[in-house]
Every structure is written in structure tokens, then in C-alpha cells.
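Asks: Take this structure, written in C-alpha cells, and hold onto it; I'll ask about it next.
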Amino acid sequence: MRYFMIFLLLLSGCAGQTVDRPAVTTGAPVVYIHPMVPAAAELSRTSVAVPPFVVPNGMDVSQGEKVAALFRDVLLGKQAFQTVKLVERHYGSLAEATTIAGEAGTDLVLAGRIKYLLSGTRVGGARVELSVRVIDVKTGDTVWYIEQAMDQQMDYPDVSLAHRLGSVFSTPPVRAPEGPPVVANMLVRIAVDMADVMAGDRFVAKM
């Protein structure tokens, strides 16, 4: 549970502090493919392999490994599946991901993708977008396909003449502590939201 605990500490680190940073716009998980209700209940008793998330070109592949570890810990905590195995092998196609899960001895594979990840600046602009596809190893069918995105608003400084003149005669404000990294918070929230969907706690279907 080490990655999950680290991310939770980051998430809770701003408690009791006033953090001077733009707010995050929470995007709900959007479900494009999902199992029927009886089948969804059966999935909670299955096993799933979680290989490293696929990352965009130019991004360090270790980021995909960290996100996969986070999802492993969250899925275990939410008891979305009976067994969750983290595997270290990267894959290039969904067929390869399914083969890796079969060799790991699991019923399913969670093939995740980091579609977009931007840290932003001190005035905001961070964005995270993920997708996960849960595939049945035996049939190759997709049983879950979920996407979710989160954005941080931009908070541009006031550069008007009136503000600049006023600041000359006022005491410079003390900037609040930065708090935990915004992207880390976003990743935790997305992992928890998606795990809730797969555990049956929340459901937002795309018609």
C-alpha cells in the first residue's frame, strides 16, 4: 500500500492550511463500456493484473509505473476485485497486455493510459486525463472502459494600473504554503473515482 499511502498523505497535506492556488475542476468518470449488473457483481470475485500505464510520447515511462501502482493500491482498498496483481512488464498493444495477464494467472487485465498530464504553473493550468480498459483474458472482451479528466483553473494575477499603484502603498502579502502537488491530488481522485465505479459504488454511463 506504499504508493497509495504516499498519495493520500499528499492529498491530506493541505488540511488546516490556506493554500494560495487555483481550484481544481472535478470531472466525473465517464463509462463507455460496462458489464450488466449480475456480471458486475461476479467481477468482484475475480483477479486482475495491472501493468504500467501507457504514457504519451516524451513522458518518462516510470510515471506509468507509478500510476499503475497507485491503481493497484486503490483497487485493493476498495475491494473492487478479489486479487489485484501489479506486473512490471510494459506492453505495446491490448493483445500483448492480455497475454501478460494470462501469464500472471489473472482473469482480467487493467490496461491504463495516461492520455494527458500537465503540471501547470503557480497560476494554475494543471490537467490530467486517464483512461482504463478492463479486458477479460479468456475472451478478449472489454468489460469496462472508463475515461476521466480533471482541470485546474487559471488564476491570472491582477496587472491593472490601479492594482499596481495600490500595491506600492500596501504591505506585500505573505504567500501561503504551496501544499501537495496538484497533479498528485488529481491522480488519487481519479483512481478512487474509477475504483468506485468498478466496485459498484457510483456509475455514470455515457449514452
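The values are calculated or read from the model by the stated rules, or taken from the named source; none is laboratory data. These numbers come from a predicted model, not from an experiment. Methodologically, a virtual Cβ is constructed for each residue, glycine included, from the backbone with ideal geometry; neighbour enumeration extends over all protein chains shown.
Asks: Is at least one residue of segment 40-63 farther than 19 Å from Y145 by Cβ, of a type outside the set (A, V, I, L, M) and in contact with an Asp or Glu (Cβ under 7 Å, 6 or more places away or on another chain)?
Replies: Yes, the conditions are met somewhere in segment 40-63.
Each row is one residue, and each column tells you yes or no for (1) aromatic (F, W, Y); (2) touching a helix residue (DSSP H, G or I) at 6+ places or on another chain (Cβ under 8 Å); (3) at pLDDT below 75.
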| position | (1), (2), (3) |
| --- | --- |
| V19 | no, no, yes |
| Y32 | yes, no, no |
| P51 | no, yes, no |
| Q79 | no, yes, no |
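Asks: Ok, one more. Could you check segment 56-77 and list, in sequence order, the residues that are crowded, with 20+ Cβ neighbours inside 10 Å and of a type outside the set (G, A, S)?
Replies: V67, L70, F71, R72, D73, V74, L75
Asks: Then there's this: Taking segment 22-39 as the region of interest, how many residues are closer than 11 Å to W144 by Cα, aliphatic (A, V, I, L, M) and buried (at least 18 other Cβ atoms within 10 Å of the Cβ)?
Replies: Residues that pass the stated criteria total 1.
Asks: Which of the residues belonging to segment 90-132 are of a type in the set (S, T, Y) and either at pLDDT below 95 or on the phi > 0 side of the Ramachandran plot (or both)?
Replies: First, pick out the residues of segment 90-132 that are of a type in the set (S, T, Y): 91, 93, 98-99, 106, 116, 119, 121, 131.
Across segment 90-132, the qualifying residues are Y116, S119, T121.
Asks: Is it fair to say E42 is within 16 Å of the chain's Cα centre (by Cα) and under 25 Å from G105 (Cα atoms)?
Replies: Working: within 16 Å of the chain's Cα centre (by Cα): no; under 25 Å from G105 (Cα atoms): yes.
Considered against the rule, which asks whether it is within 16 Å of the chain's Cα centre (by Cα) and under 25 Å from G105 (Cα atoms), E42 comes out as no.
Asks: Kindly evaluate L70 against the criterion of being assigned to a strand (DSSP E or B), of a type outside the set (K, R) and modelled with pLDDT of 90 or more.
Replies: In short, no.
Asks: With respect to V87, is the statement that it is of a type outside the set (G, A, S) and without any contact (Cβ under 8 Å) to a residue 40 or more places away in the chain true? Lay out the reasoning, then the answer.
Replies: Details: of a type outside the set (G, A, S): yes; without any contact (Cβ under 8 Å) to a residue 40 or more places away in the chain: yes.
It is true that V87 is of a type outside the set (G, A, S) and without any contact (Cβ under 8 Å) to a residue 40 or more places away in the chain.
Asks: Within segment 114-123, is there a residue that is among the hydroxyl-bearing types (S, T, Y), in a strand (DSSP E or B) and either in contact (Cβ under 8 Å) with a residue 40 or more places away in the chain or crowded, with 18+ Cβ neighbours inside 10 Å (or both)? Spell out the reasoning first.
Replies: Residues of segment 114-123 that are among the hydroxyl-bearing types (S, T, Y), as a first pass: 116, 119, 121.
Next, only the ones that are in a strand (DSSP E or B) stay: 116, 121.
So of that shortlist, the ones also either in contact (Cβ under 8 Å) with a residue 40 or more places away in the chain or crowded, with 18+ Cβ neighbours inside 10 Å (or both) come out as 116.
Yes - at least one qualifying residue is present in segment 114-123.
Asks: Please state which of the following conditions K138 fails to meet, knowing it meets all the rest: (1) modelled with pLDDT under 90; (2) surrounded by fewer than 12 Cβ atoms within 10 Å (Cβ to Cβ); (3) closer than 23 Å to P35 by Cα.
Replies: Result: K138 fails condition (1) only.
Asks: Also, quick follow-up: Do we have R113 as basic (K, R), more than 17 Å from D141 (Cα to Cα) and more than 17 Å from the chain's Cα centre (by Cα) here? It would help to see each step written out before you state the result.
Replies: Numbers: basic (K, R): yes; more than 17 Å from D141 (Cα to Cα): yes; more than 17 Å from the chain's Cα centre (by Cα): no.
It is false that R113 is basic (K, R), more than 17 Å from D141 (Cα to Cα) and more than 17 Å from the chain's Cα centre (by Cα).
Asks: Would you point out the residue of segment 178-207, among those that are part of a loop (DSSP other than H, G, I, E, B) and closer than 26 Å to V37 by Cα, that is modelled with the highest pLDDT?
Replies: Within segment 178-207, the first condition is being part of a loop (DSSP other than H, G, I, E, B), and the residues that meet it are 178-181, 200-204, 206-207.
Restricting the remaining residues to those that are closer than 26 Å to V37 by Cα gives 200-204, 206-207.
Details: G200: 82, D201: 62, R202: 49, F203: 49, V204: 48, K206: 50, M207: 41.
Ranking the candidates gives G200 first.
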